[in-house]
Amino acid sequence: MIFNQIDVGPMQNFVYFIGDEISKEAAVIDAGWDVDKIINTASQSKLEIKKIILTHSHFDHVQGVSELADKISADVYFHELESNSIKKHIKNGTIKTINLKDNDEINVGKIKIKVVHTPGHTLGSICLLAENKLLTGDTLFVGAIGRTDLPGGDALKLFESLQKLKKLDDKTEIYPGHDYGETRFSTIGNEKKNNPYFMCKNKEEFMKLVGIF
Ligand SMILES: [Fe+2]
């Protein structure tokens, strides 16, 4: 599997590529800010982007989606609960959009990307699992979590989503949607030891930590 993490924009966003080494087919995950950088990085790796997958509908993750999908003729995938917000960013009616739900699989060549619905930061936030790499969007950062005080945010739902992620193997690598941590990626095992939000044992402890009593 080809895997790339690139920095875009002024808000420390990460955009990712997941590609099949044989077919060179690739998906780009999130589409914020610098569309030309995304396209140039893909072409340097000789990848052909066929799919754009959006972890959630916030501006900094999606504002390049219309331009990117237009330039490379890719289809756009997102959770069904983010559909209304994301479609506002898609200007061209010919761009094909596909609604996702929990446990769906997206094929990129021979690579399978599994959708893990993790509401909390937004209602339709998703994480994406490809081999041992989990792309966590704004659900889980290195050492922190995404905000729950924005429209659609729900701290209790985020707590439940984190419990779902804790069931993954400790060696699963996590790749967040922002470079907010001490390192650019981590593992489920490391977060269990170091991330105060991920370490909470019950929802009361968690709600106290996020400031909701
Ligand atoms: Fe966000």
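The values are calculated or read from the model by the stated rules, or taken from the named source; none is laboratory data. Note that the structure is a prediction, hence the values are computed from the model and not measured. Cβ: placed from backbone, ideal geometry, glycine included. Neighbour counts: every protein chain shown. For accessibility, only protein heavy atoms count, side chains too; no ligands or nucleic acids. Shrake-Rupley method; radii C 1.70, N 1.55, O 1.52, S 1.80 Å.
Side notes on the structure shown:
- Selection of the range 47-74 for residues being open to solvent by 10 Å² or more (accessible area, probe 1.4 Å), away from the ligand (no atom under 16 Å from the Cβ) and at pLDDT 95 or above yields only LYS51.
- Residue check, GLN44 in contact (Cβ under 8 Å) with a residue 24 or more places away in the chain and either open to solvent by 50 Å² or more (accessible area, probe 1.4 Å) or out of contact with any helix residue (DSSP H, G or I) (no Cβ under 8 Å at 6 or more places or on another chain) (or both): no
- Residues in the range 181-198 that are in a helix (DSSP H, G or I) and open to solvent by 80 Å² or more (accessible area, probe 1.4 Å): LYS193, ASN194.
- Hits in the range 164-196 (condition: among the aromatic types (Phe, Trp, Tyr) and out of contact with any Leu (no Cβ under 6 Å at 6 or more places or on another chain)): TYR180, PHE185
- The residues of the range 154-180 that are under 16 Å from the mean Cα position of the chain (by Cα), of a type outside the set (Ser, Thr, Tyr) and part of a loop (DSSP other than H, G, I, E, B), listed by number, are GLY177, ASP179.
- Within the range 117-158, the set of residues being open to solvent by 60 Å² or more (accessible area, probe 1.4 Å) and away from the ligand (no atom under 13 Å from the Cβ) comprises GLU131, ASN132, LEU156, LYS157.
To keep it simple, each residue is scored yes or no on (1) over 14 Å from the mean Cα position of the chain (by Cα); (2) within 20 Å of MET1 (Cβ to Cβ).
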| residue | (1), (2) |
| --- | --- |
| LYS46 | yes, yes |
| HIS56 | no, no |
| HIS61 | no, no |
| TYR77 | no, yes |
| ILE95 | yes, no |
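- Filter pass, GLY19 being closer than 20 Å to GLY181 by Cα, modelled with pLDDT under 95 and open to solvent by less than 50 Å² (accessible area, probe 1.4 Å): no
- Matching residues in the range 28-41 - criterion: being at negative phi and open to solvent by 70 Å² or more (accessible area, probe 1.4 Å): ASP36, LYS37, ASN40
- Looking across the range 199-213, the residues that are open to solvent by 60 Å² or more (accessible area, probe 1.4 Å), touching a helix residue (DSSP H, G or I) at 6+ places or on another chain (Cβ under 8 Å) and part of a helix (DSSP H, G or I) come down to MET199, LYS203, LEU209.
- Of the residues making up the range 78-116, those that are free of Cβ contacts under 8 Å to residues at least 40 places away in the same chain, in contact with a strand residue (DSSP E or B) (Cβ under 8 Å, 6 or more places away or on another chain) and within 16 Å of the ligand (Cβ to nearest atom) number 1.
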